[in-house]
Amino acid sequence: MNLFVANWKMHMTRGEARVYARDLANLLGEGTPDVELVIAPPFTALEEAKDSRKRWSIAAQNVASEFEGAYTGEVSARMLADAGCRYVLVGHSERRRLFAEAGPVLARKLARAREAGLTPIYCVGETREEREEGLTEATLTAQVETLVQDPADAPLVVAYEPVWAIGAGRAATASDVGSCRRLLAELLSGRRDFRLLYGGSVNAENARELLESCGMDGFLIGGASLKASTFARIAGLV
Ligand code: PGA
């Protein structure tokens, strides 16, 4: 089943999240969607973004690398599971770039997520400079190495998000996405259960064609996911 994840980033008050959830519920109507939908709201709006009828589930955008303790400002995996999260984003390029999160800390976050029963949505992707220098494969390989301790029989989602396509207004081409998909599938071939998403400037106009041609199992969507109707269109539901 294809998977569509709405990454709200640092957007949406509780009131706005409530309106969004109501709009999305109205768009979906009575039926159960034949795709999997996930919303990743900010921590403060986790509750408001939920669907009481479970037509979509909830992801956190980040998780602490430690179990618990004196870590002011951090939110633990156990707290997220308790708040109803099913998934958690780990290693989003904004966390890597703006908050200097690299392999060792991300590996600890993955471990904390697993202890709490959360499924990681692990994000990878090369920068423009890495692509131009021919380092795409090496970058993705190194980023996948971070999963070495992650249990190979546990379900995993990996999102390929080329940094140069995020928020750029222009997605990567189906052929670029397709070749990275093949590389990632090969790197993850020892795992039993994984899904691969693409993220980076997916919108209602490019989603259909891209999904059909790139071979991915769905999308991680930022800006275009901030309207319920656009998110539903990207997921092919309206
Ligand atoms: P974008 O963001 O869809 O706004 O490019 C994607 C992401 O960062 O997950």
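Anything in the range 135-194 that is touching a helix residue (DSSP H, G or I) at 6+ places or on another chain (Cβ under 9 Å) and β-branched (Val, Ile, Thr)? List them, or say none.
Thr136, Thr139, Thr141, Val144, Thr146, Val148, Val158, Val163, Ile166, Thr173, Val177
Name the strands (runs of 3 or more DSSP E) wholly within the range 85-171 that hold at least 3 residues that are under 17 Å from Ala185 (Cα atoms)?
Ranges flagged: 119-124, 156-160.
Evaluate the following for Ala235: is it closer than 25 Å to Lys50 by Cβ and within 15 Å of the ligand (Cβ to nearest atom)?
yes
Within the range 63-70, is there a residue that is in a loop (DSSP other than H, G, I, E, B), among the β-branched types (Val, Ile, Thr) and out of contact with any strand residue (DSSP E or B) (no Cβ under 6 Å at 6 or more places or on another chain)?
Taking every residue of the range 63-70 in turn, none turns out to be in a loop (DSSP other than H, G, I, E, B), among the β-branched types (Val, Ile, Thr) and out of contact with any strand residue (DSSP E or B) (no Cβ under 6 Å at 6 or more places or on another chain).
If you go through the range 210-232, how many residues are farther than 18 Å from Ser93 by Cα and of a type in the set (Val, Ile, Thr)?
1
Could you check the range 41-62 and list, in sequence order, the residues that are of a type in the set (A, V, I, L, M) and assigned to a loop (DSSP other than H, G, I, E, B)?
Listed by number, the residues that qualify are Leu46, Ala49.
Tell me, yes or no, whether the range 86-99 has at least one residue that is of a type in the set (Val, Ile, Thr) and open to solvent by 70 Å² or more (accessible area, probe 1.4 Å).
Scanning the range 86-99 turns up no residue that is of a type in the set (Val, Ile, Thr) and open to solvent by 70 Å² or more (accessible area, probe 1.4 Å).
Could you check the range 217-232 and list, in sequence order, the residues that are part of a loop (DSSP other than H, G, I, E, B) and within 6 Å of the ligand (Cβ to nearest atom)?
Gly222
With respect to Ala83, determine if the residue is more than 29 Å from Ala142 (Cβ to Cβ), of a type outside the set (Phe, Trp, Tyr), without any contact (Cβ under 8 Å) to a residue 60 or more places away in the chain and in contact with an Asp or Glu (Cβ under 9 Å, 6 or more places away or on another chain).
Against the criterion (more than 29 Å from Ala142 (Cβ to Cβ), of a type outside the set (Phe, Trp, Tyr), without any contact (Cβ under 8 Å) to a residue 60 or more places away in the chain and in contact with an Asp or Glu (Cβ under 9 Å, 6 or more places away or on another chain)), Ala83 qualifies.
Collect the residues in the range 181-190 that are surrounded by 17 or more Cβ atoms within 10 Å (Cβ to Cβ) and either under 17 Å from Glu209 (Cα atoms) or of a type in the set (Lys, Arg) (or both), keeping them in residue-number order.
Passing the criteria: only Arg181.
The values are calculated or read from the model by the stated rules, or taken from the named source; none is laboratory data. Computed from a predicted structure; not experimentally measured. Cβ sites come from the backbone with ideal geometry, for glycine too, and all protein chains shown count toward neighbours. What goes into the accessible areas is simple: the full protein's heavy atoms, side chains included, and nothing from ligands, DNA or RNA. Shrake-Rupley method; radii C 1.70, N 1.55, O 1.52, S 1.80 Å.
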